[in-house]
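Where a number appears in this text, it was derived from the coordinates with a stated rule and is not lab data. Given the structure is predicted, the values throughout are model-derived calculations rather than measurements. Counting neighbours? That spans all protein chains shown, and the Cβs are built from the backbone with ideal geometry, glycine included.
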Amino acid sequence: MDGQGADDLVYDPSDPAVMADPFPVYARLRDEDPVHWSPSVKSWIVTRYDDVRDLLLSDHLSVNRLVRFYTARPPEEAALLRDLIHYLNLWLAFRDPPDHTRLRRIMRHAFTAPAIERMRPNIVEITEMLLDRLETRGAARVDLIREFALQLPAFVIMDLLDVPRDRLDDFKAWSDDMAVFIGGARNATDKYTRAARGCRKMSAYFRDLVAERRRDPRPSFLMDLIEAQDDGDSLTDDELVATCILVLFAGHETTTNLIGNAALLLLRHPDQLASLRADPGRIHGAIEEVLRYDGPTNALVREVAEDHVLHGRHLREGDRVFVMVNSANRDPRQFSEPERFDITRTQNRHLTFGQGIHLCLGAKLAREEGRVAVQALFERFPELALDPEEPPEWLDAMVPRGTRRLPVRLKG
């Protein structure tokens with residue numbers, strides 16, 4: 001690769017120490033090698049705020065990165081991944097204009113601010129139900145991810161899509177299978193087989209559900225998607241299935257990590273937790289600071305569409321690029337005292353939900369779930385504490401950022 005970085009500086013996301021705390025490495029990369037070639041992931045790693053923002057807005061990069069990957073697979077792998085790639089290529093996240101423009105225009109009719117506001121009572125109801133269950137555990141040690149942060153957004157999304165709540169275990173298993181491929185797991189040996197299986201089962205379920213809802217219409221978010229039109233254009237059945245998979249997968253994973261990271265950060269920063277308890281109105285700023293300081297999206301993935309040079313590095317067409325959102329969000333060139341977790345921070349233009357045409361459609365919903373969940377959790381359990389005997393277990397992933405397990409004690 002063209003250009004020369006620091007000889008002793010290597011970004012290896014499979015290193016458990018980097019999984020747990022990547023930020024010291026990010027700081028070195030920003031200062032010493034802001035466009036870094038990582039041999040371990042065979043990709044460019046871009047870490048400075050201005051570069052990340054500009055690349056997310058640039059025509060030099062494309063989100064349509066699966067076609068090249070798929071065509072390079074050997075025949076057996078290609079056959080295994082065929083359905084998975086078909087549906088992923090229909091996601092907004094993997095489409096460039098004009099296809100992206102058309103899809104987003106249609107989908108925005110279902111993702112309006114009033115629609116999100118109408119979801120709030122359901123978010124509150126689910127939150128209280130899960131906290132009631134936790135309260136029966138007394139002072140027990142619990143995994144806050146499995147028993148709260150995962151279930152809350154999953155139930156919200158399942159309700160939106162008319163999926164019965166008793167199917168949670170099925171959908172969690174299917175989503176986990178897909179996540180090892182989409183999230184960039186580094187240590188999974190069977191990720192193609194698992195991802196193909198998860199996609200096959202989830203797509204079959206949603207295809208049947210869309211057909212049923214067409215036969216038996218009823219007011220719902222899913223019905224809004226089915227009926228959404230822009231100048232007479234609507235989603236095809238394959239696009240509807242793909243969008244349901246995207247909403248369920250992305251909608252619950254990101255918010256699970258947001259809630260888990262928020263709980264962990266507030267417990268590790270008792271002064272900030274005390275500030276929030278003294279003034280519950282600070283919950284808005286608290287969630288924004290969590291999104292900046294250690295947000296649920298570690299990186300966004302792009303493919304170089306046009307050769308260009310950045311900081312002396314020659315990025316070639318077809319190269320893969322990880323734009324490191326969580327590094328950008330701690331860049332001292334953009335944020336004052338970026339290593340300080342401060343829920344009263346006012347200048348907080350983080351990049352967690354992306355930029356430009358790919359700005360996350362579900363950002364409003366994620367924020368609302370995060371605010372409701374975190375505030376209610378600490379109100380219900382004022383003695384909540386991290387388990388001193390068992391540390392958090394971080395996800396093995398390049399793209400999402402969160403804990404797989406977060407052991408806590410509910411009461412002292």
With 0.36 nm assigned to each residue of separation and the Cα-Cα distance removed, Asp31 to Glu135 gains 32.7 nm
In debye to the nearest 20, the charge dipole size for the chain, taken about the Cα centre with +1 at each Lys and Arg Cβ and -1 at each Asp and Glu Cβ, equals 480 debye
Shape call for the stretch 215-275, from the Cα gyration tensor axes a ≥ b ≥ c (a/c under 1.5 means rounded, otherwise prolate when a/b beats b/c, else oblate), comes out prolate
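Give the order of Met223, Met398 when sorted by the count of other beta carbons within 10 angstrom, beginning with the fewest.
Met223, Met398
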Scoring only Lys, Arg, Asp and Glu (+1, +1, -1, -1) among other residues with Cβ under 15 Å from the Cβ of Ala72 yields +1
Checked the stretch 132-242 against the a/c 1.5 cut and the a/b vs b/c comparison, axes a ≥ b ≥ c from its Cα gyration tensor; verdict oblate
Along the stretch 272-283, Karplus-curve 3J(HN,Hα) (6.51, -1.76, 1.60; θ = phi - 60°) to the nearest Hz, with x for Gly and Pro, reads 6, 5, 4, 4, 5, 5, 5, 9, x, x, 7, 4
Ordered by fewest other Cβ atoms within 10 Å, a rough proxy for footprinting exposure, Phe94, Phe378 read Phe378, Phe94
Contact order relative to length for the chain, counting C-alpha pairs under 8 Å separated by 6 or more residues, stands in percent at 26 percent
Cross-link reach from Lys201 to lysines, straight Cα distance under 19 Å and at least 8 residues apart if same chain, gives Lys172, Lys191
Packing-ranked peptide list from 361-369, 95-103, 26-34, highest mean Cβ count within 10 angstrom first, is 361-369, 26-34, 95-103
Given Cβ charges of +1 for Lys and Arg and -1 for Asp and Glu, the option among Gly251, His100, Leu80 whose Cα lies farthest towards the positive end of the dipole of the stretch 16-409 is Leu80
For Leu61, the residues 5 or more places away or on another chain with a placed amide H closer than 5 Å to its own amide H are Ala305
The extension gain from Asp169 to Leu359, computed as 0.36 nm times the residue separation minus the Cα-Cα distance, is 65.4 nm
What helix-only [θ] at 222 nm does the chain give? Using -39500 (n - 2.57) per DSSP H run of at least 4, over all residues, to the nearest 500, the answer is -15500 deg cm²/dmol
Ordering 127-134, 44-51, 256-263 by per-residue average of other C-beta atoms within 10 angstrom, highest first, gives 256-263, 44-51, 127-134
Taking a ≥ b ≥ c as the square roots of the eigenvalues of the Cα gyration tensor, with a/c under 1.5 meaning rounded and otherwise prolate when a/b exceeds b/c and oblate if not, the stretch 190-333 is oblate
